[in-house]
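Computed from the coordinates by the stated procedures, all read-outs in this text should not be read as laboratory data. What you see is a predicted model, and the numbers here were worked out from it, not measured in a lab. We place every Cβ from the backbone using ideal geometry, glycine too, and count neighbours over all the protein chains shown.
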Amino acid sequence: MLARIAHELFWLGRQLGRAEHTARMLDGIYAIDLQAPPDAPVGAQLTWEGLLAVMGATDESERTEAPDRDEVMRLLAVDANNPSSVLACVEAGREGARVVRDVISAEMWEAVNTLRLGLYQHHLSGGFGTGPYEFLQYVKERCALFWGLAERTMLEDEARAFLHAGGRIEAAQMVVRMLRVALAPFGDEVADEVERPARDGQALALLHAVGGLHAFRRAVTDPPNAEPVAGFLLYERAYPDSVAASVDALHTALVAADARSRTAAPVLRLARLSADLEFRRRASRSAGDLLAVLGDVQDELALVDHDISDRYFAGGTQASRVMTA
Amino acid sequence: MRFSIRYRTEYQYDAPVADNLNSLRALPATTPAQRCEESGVRVDPEARLIQHNDYFGTRVVEFGVSRPHDRLTIDVRAKVETSETPEPPDPSWEALATDAYRRAAAEYLLPSDDEPLNGALDGLRADARGDGPLATLLRVSELIPDRFEYRPGVTYVGSTVQDLLDAGAGVCQDFAHLALILLRRNGIAARYVSGYLFAAPPDDSEDSIEVNTHAWLEGLLAAPGDGAPVWVGIDPTNRGRAGTQHVKIGHGRRYADVPPIKGVYRGSASAELEASVRMTRLDSGNGAAP
Amino acid sequence: MATEYTAAPYAPADGFYDELFDASGGARPHAETLVSRLERLGAGELAAAGRRRDAIFMQQGITFDLTGAAEAADGELRDRPFPLDLVPRILPADEWTVIKRGLAQRIRALNRFVDDVYHAREIVEAGVVPWEMIVSRSHFARPAYGIRPPGDVYCHVAGCDLVRDADGRWKVLEDNVRTPSGISYVLENRLAMTRLVPGLFAGYHVRPVDNYPALLLSALRAVAPGGDDEPTVVVWSPGPANSAYFEHAFLARTMGVELVEASDLVVRDEVCYMRTTSGLARVHTIYRRLDDDFIDPLEFRSDSLLGVPGLMRAYRAGTLALANAVGTGVADDKAIYHWVPEMIRFYLGEEPILDNVETYLLSDPERLAYVLERLDRLVVKPTGESGGKGVFIGPRATDAEIAAQAELIRADPRRWIAQELVHLSTVPTLDSSGALAPRHVDLRPFAVFGEDISIVPGGLTRVALRPGSMIVNSSQGGGSKDTWILDEEVVPDGRPLPPRRATVPPPLPDLRQSSWTGQQEQQQQERSGG
């Protein structure tokens, strides 16, 4: 297929993947943040600072005061000038979908288009005044609808493989960044009595934020503290939003898309990463070790990203220009 | 008297059943008036037997057969020796009002949920009342066989006292239940007793007979002085006090507290039940001990 | 300065304690911020939030079905969204501290009592509680005799109903140590409030409640019989027809354990298993949501199809923990309630922190006569029931009803108790027009007893939605409120942030679309020939 089309599909997948993950994160953390910090270590907390760090949306070093809940919310949900905001991602995704309208099914196109229209309506009607819940819920539902329609109505061909590849690499990178932020402040050293509950709280917030609390409860018997949660989100292949599951799915998608996948650089790199995750899964799960793994995985994913654009998009991502929504 | 008792129950199912769980209250008790020398239970198909004493002090043997089967036999054997009980005390009505008596009486004074409606028993209750509690006990054991016919097949295991009143006839279980109410309503604590009765012909010609499990009751009489209240057995099916032919298994507030066998199984098969109790005297003049 | 709700000036009901406004109509200090926020939102915005709430609750299936005459007239049972009032109830930290200590004390004593009743009977020997009173309770469980559960914990989950009288004093109205329900609404209410009216939280430090499932799960694990290293916990529900099925499923889901029904469980020898696709799997702890009577047809009601035959064998053998333990019903009987303050003194050697409501036992003939004379002023309750069943409220009864009730009591005085009428406190509640009006409330906090007693901050506030009504049961027109326990330190706005640490934000991949710039084309210039 055309490299340009493949490229658009890949980015459509990424944009929607990012919109959905951001919406989930905002929704999960917002409810927790309204209340006082928990008195039990199993409670949840994740600061808005942490969230900004995940999104890399601002330059933290220049900030002198703590970010305000409403400000972060606006920045990450509806700020059209922030290319990572939910609104901007949806807008960009919809532009991409327009380009590939003939490749994706009509229903998928409608799902994306309605999502964009709906967001503007929510945004313009001031639906935010009484809280972001419905706005974010709408994004989650529409994204799920889009992916569901892709399963049901789209030919299982190269095009679908690139769409999925985009969605999965975005999911993997988002979750890795979230985990790094949640674990990072506490570093390698063994957390003391004060720090430990805080870190555990962040881990629980992450589970809320990716919508994985229920799955975690069913799959893991340990309490939802930092290490078990990070291990789960990183290694648990049975959980579809874990890093390992996303890496595998990305690998599968590229194998399907690439006629000569056995010699393809991104495919080989992903196969190594997948095996590596399986190997490390059995090793130590101290916070420090997990952080080291997360760093490696993030680097590898960046290289995979590079490999993909090199091999399939004729290196197109290197020549970019700013497109405003 | 010394007896050997063999209580055999066989269930035949018309289709295989599984997870057949049963509780057995069939082993003779050891009390001041009787001593259980040995006892044993065998079950076929074989199953692990678990034993405990329940709230009322009755020995309970439990087992479960999990694999499919279409027949279950339960074989209980025991040797027991009974002895005469001392003469019962003959307290006044007032003696039943003490704290010591009420504490010993506990739940055995309480009405149960399935008693006949108010009024239906007022006549019988008044007729049963004697000069004192002991006289009342004995009177109840006479009054019931006077007024009701012993006739199997009229009532069933779940019958209420109202059913007995309606039919005018019943079996030992019904008689005991009625007696309990009459005594309790007269302020005498009373408890249901399950056991075996050696109902030999009066001429002592038989040493080994086929019987059924039997039911009678015990009433609580205050003892003179500081003595602890005493449970006195009466048998309203056979009139008078329970004696050495009565082998007690256990007691409770009513039948449901001491059923000989209670069980459930998985499956909708229906069962045919065959039960027999054989009691053999081991110490008779005929020397027929096996 | 006191703030007034401008939509319609709020008038606290005379003779009752209002928790947000004082008698003069001014907001109490802890309520000032809330009242001004409500004012800012206004009646219209609140009504809109109410509509969103109903839609969300219907979508999520957080409903209950009305039973009763009104519904029968409709001809069909219909699910209604659980009525959550959007005005929260706020309790300052110091008040909560007292409640929490009082409840923990009470539950500890009740737990000791259950243990005592089925073993040593010390409290009877000491002449504090008469034995006949205990054995006459319908929930006295003879099959529990002599069984000692792990850690001597019987009341793993407890929910006491608290009310406050006209003077604002807290009193215990009822103990629930069998299968108290309502915790799922506490958690769902909080979540809904953060979604519907997040603005109300500003300026308050509300203590979260969402760790309940984790607390419960760790308590259920802690009491599991030893041996295997990974105990299996299940929630046992009587099934979808049960009115609390939503909660059963909620707890199973949030704890990540199986929700079982009787047919899933089987006892082989002395061990309980559940049937799974890969065969029988051992079960260690059952959080059961049905009464003793229905758990094992071999030992309790033989007509119960809900039960698991042989369950008591496993329980007696100590291979299985049941939560709550078998036989706890004897402790939350309404006649036994009368002795709870005595139990606290007897077992713990402490003075009760929370008071009982004045209660009259009717087994005493003098008391009985006294009560029958004053029936029109008293509340009468059947002793073995819960959930407001069979409750008679004298001041609201007709002469005929009073006579009928007297007849019932005379027939069996032991089955009834009488209590002085409590003047339930009020909390402002939105009426249908969006205005605030006083409505009566009670409070059911939830405690979990594992290795220790933990109490979830707040609890279920039930509110009688009909003006003047003091019946808070949801089956009889009651609703609920989110209950806010404030942290010690109240922050004017926003929350303090933890000390900042240097985090290096990982680089974000550039999501901007790349362009495709065409290679400069070359004009075809070659000429043929020349």
- Query: Measuring from a point 7 Å past the Cα of B:Gln162 along Cα-to-C-beta, which residues in region B:107-127 have an amide N at less than 15 Å?
  - Reply: B:112-122
- Can you give the calculated 222 nm mean residue ellipticity of the protein assembly as shown, where each DSSP H run of n ≥ 4 adds -39,500 (n - 2.57) and the sum is split over every residue, rounded to the nearest 500 deg cm²/dmol? -11500 deg cm²/dmol
- What is the set of long-range amide H partners of C:Leu86 at a cut-off below 5 Å, with H atoms built 1.01 Å from backbone N? C:Leu430
- Query: Of the listed peptides C:101-109, C:391-399, A:294-302, what is their order by residue-averaged count of other C-beta atoms within 10 Å, with the highest listed first?
  - Reply: C:101-109, A:294-302, C:391-399
- Note on the structure: Rounded to 0.05, the calculated FRET efficiency for the beta carbons of A:Ala302 and A:His214 at R₀ = 35 Å is 0.65
- Message: Can you tell me, using C-alpha contacts under 8 Å and at least 6 residues apart, the relative contact order of chain C as a whole percent?
- Response: 22 percent
- Query: How big is the antiparallel share of DSSP beta bridges in chain C, given as a percent to the nearest 5?
  - Reply: 70 percent
- Hits among lysines - C-alpha to C-alpha of B:Lys248 under 25 Å, sequence gap 8 or more where chains match: B:Lys79, B:Lys262
- Task: Mind running the shape call on region C:226-319? Use the C-alpha gyration tensor, a ≥ b ≥ c as the square roots of the eigenvalues: rounded below 1.5 for a/c, prolate if a/b tops b/c, oblate otherwise.
- Result: oblate
- Message: Averaged over its residues, how many other protein chain Cβ atoms are within 10 Å of peptide A:28-35's Cβ atoms?
- Response: 6
- Query: Between C:Ala120 and B:Asn212, what is the label-to-label distance in nm when each label sits 7 Å out along the Cα-to-Cβ direction?
  - Reply: 4.7 nm
- One finds, for A:Ser261 and A:Ala283 with R0 = 25 angstrom and r their Cβ-Cβ distance, a FRET efficiency to the nearest 0.05 of 0.30
- Query: Counting Lys and Arg as +1 and Asp and Glu as -1, what is the net charge of the other residues whose Cβ lies under 13 Å from the Cβ of C:Glu350?
  - Reply: +3
- The relative contact order of region B:93-257, taking Cα pairs under 8 Å that sit 6 or more residues apart, comes to a percentage of 27 percent
- Antiparallel %, DSSP beta bridges [both residues in chain B], to 5: 95 percent
- Message: Could you derive backbone 3J(HN,Hα) for region C:324-336 from the dihedral phi with the Karplus parameters 6.51, -1.76 and 1.60 (θ = phi - 60°), listing whole Hz in sequence and x where the residue is Gly or Pro?
- Response: 6, 4, 5, x, 5, x, 5, 7, 9, 5, 6, 7, 5
- Message: Going by average Cβ density within 10 Å per residue, which order do the peptides A:76-84, A:12-20 take, highest to lowest?
- Response: A:12-20, A:76-84
- Among rounded, prolate and oblate, which fits chain C when a ≥ b ≥ c are the square roots of the eigenvalues of its C-alpha gyration tensor, a/c under 1.5 means rounded, and a/b larger than b/c means prolate? oblate
- Task: Compute the Cα gyration tensor for region A:3-318, then decide on rounded, prolate or oblate, letting a ≥ b ≥ c be the square roots of its eigenvalues: rounded whenever a/c is under 1.5, prolate when a/b is larger than b/c in the other cases, and oblate in all that remain.
- Result: oblate
- Given unit charges at Cβ for Lys, Arg (+) and Asp, Glu (-), the dipole magnitude of the protein assembly as shown about its Cα centre in debye, nearest 20, is 1560 debye
- Message: Once you place label points 7 Å from the Cα toward the Cβ at A:Arg152 and B:Asp203, how far apart are they in nm?
- Response: 9.2 nm
- Task: Quick one: which residues, 5 or more positions from C:Arg288 or on another chain, have an amide H under 5 Å from its amide H? H modelled 1.01 Å from N in the peptide plane, none for Pro or chain starts.
- Result: C:Trp236, C:Ala323, C:Asn324
- Query: How high is the FRET efficiency between C:Asp167 and A:Glu141 when r is their beta carbon distance and R₀ equals 56 Å, given to the nearest 0.05?
  - Reply: 0.65
- B:Glu38 and C:Ser363 label points (each 7 Å along its Cα→Cβ direction) are spaced in nm at 4.7 nm
- Note on the structure: Partner shielding of A:90-98, taken as the mean number of other chain Cβ atoms within 10 Å, equals 1
- When you look at the Cβ of every residue in C:186-198, what mean number of other chain Cβ atoms sits within 10 Å? 4
- Expressed as a whole number of Å, what is the distance separating the alpha-carbon centroids of region C:175-221 and region C:81-130? 19 Å
- Contact order normalised by residue count of region A:3-318, Cα under 8 Å, 6+ apart, percent: 25 percent
